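Down below is the structure, laid out as structure tokens.
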Amino acid sequence: EPEVTQTPSHQVTQMGQEVILRCVPISNHLYFYWYRQILGQKVEFLVSFYNNEISEKSEIFDDQFSVERPDGSNFTLKIRSTKLEDSAMYFCASRTDGGRGTEAFFGQGTRLTVV
Amino acid sequence: GNSVTQMEGPVTLSEEAFLTINCTYTATGYPSLFWYVQYPGEGLQLLLKATKADDKGSNKGFEATYRKETTSFHLEKGSVQVSDSAVYFCALNSGGSNYKLTFGKGTLLTVNP
């Protein structure tokens, strides 16, 4: 069964360093997302990507964040200068078109720890 | 804006007990409603969904009914198993051009033998 894969599963980084979280969405999907979950809090939407551009971003997704789909398969989230409060589980998701009832498929997540 | 409020956990039950996890929502328009489950060490998986009022989603013995009048989508299972131990997330999608999901906080369920 097709699945969304994320790497790495865990990432520890020093404050101020750049990190890149990687995702391989399901191949025929059209919409791509990043969500995050700070420990004990809600899963929060960060950004959606469609037709090779950002289609929506939340207020969390400031200038320190960027996304790319460089080669038609990978979908990456870059945090330019990490802060302690960026420590969270980051989930990548993808879906086909088909209306609001179509499910999004999620990866296993990357746990980012900023020290 | 959209929001989802889920029953606070953790919830601990004995095997074969009845499970209810409450979920209420606030949304514009007519959202689709979802329950996602996260088993230990795994990603979020769709458990069930309902796309319009009075629809019942069901899967693996779990059920939830879309109640527009009470803006609720409570998850139920008549007899839980140890293997149901996981975190359960209620979510909605109110459409728009991006179909992003709004999640509840998640409820940790532990089922003891």
message = Among the residues that make up the range A:60-71, is at least one of them polar (S, T, N, Q) and either touching a residue at least 24 places away in the same chain (Cβ under 8 Å) or over 30 Å from B:Gly9 (Cβ atoms) (or both)?
response = yes
ask   = Restricting attention to the range A:44-62, does a residue exist that is more than 13 Å from chain B (Cβ to nearest Cβ), surrounded by 12 or more Cβ atoms within 10 Å (Cβ to Cβ) and touching a strand residue (DSSP E or B) at 6+ places or on another chain (Cβ under 7 Å)?
value = no
request  = Determine if the range B:72-86 includes at least one residue that is free of Cβ contacts under 8 Å to residues at least 60 places away in the same chain, within 14 Å of chain A (Cβ to nearest Cβ) and part of a strand (DSSP E or B).
outcome  = yes
request  = Within the range A:63-89, count every residue that is over 15 Å from A:Tyr35 (Cα atoms) and surrounded by 17 or more Cβ atoms within 10 Å (Cβ to Cβ).
outcome  = 1
remark   = When the range B:66-104 is checked residue by residue, the ones that are surrounded by fewer than 21 Cβ atoms within 10 Å (Cβ to Cβ) and closer than 18 Å to B:Thr26 by Cβ are B:Arg67, B:Lys68, B:Glu69, B:Thr70, B:Thr71, B:Ser72, B:His74, B:Ser94, B:Gly95, B:Gly96
request  = State all residues of the range B:10-39 that are within 11 Å of chain A (Cβ to nearest Cβ) and open to solvent by 50 Å² or more (accessible area, probe 1.4 Å); if no residue qualifies, say none.
outcome  = B:Gly29, B:Tyr30
query = How do the pairs read when you match residues in the range B:93-113 that are of a type in the set (Lys, Arg) with residues anywhere that are open to solvent by less than 10 Å² (accessible area, probe 1.4 Å) and in a strand (DSSP E or B), using Cβ under 6 Å and keeping only pairs 6 or more apart or on different chains?
reply = B:Lys100/A:Ser48
ask   = Which number in (1) modelled with pLDDT under 90; (2) within 13 Å of chain A (Cβ to nearest Cβ) marks the one condition that B:Met7 misses?
value = (2)
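The values are calculated or read from the model by the stated rules, or taken from the named source; none is laboratory data. Model, not experiment: these values are computed from the prediction. FYI the Cβ positions are ideal-geometry reconstructions off the backbone, even for glycines, and counts take in every protein chain you see. These accessible areas exclude ligands, DNA and RNA; they are computed on the full protein's heavy atoms, side chains included. Shrake-Rupley method; radii C 1.70, N 1.55, O 1.52, S 1.80 Å.
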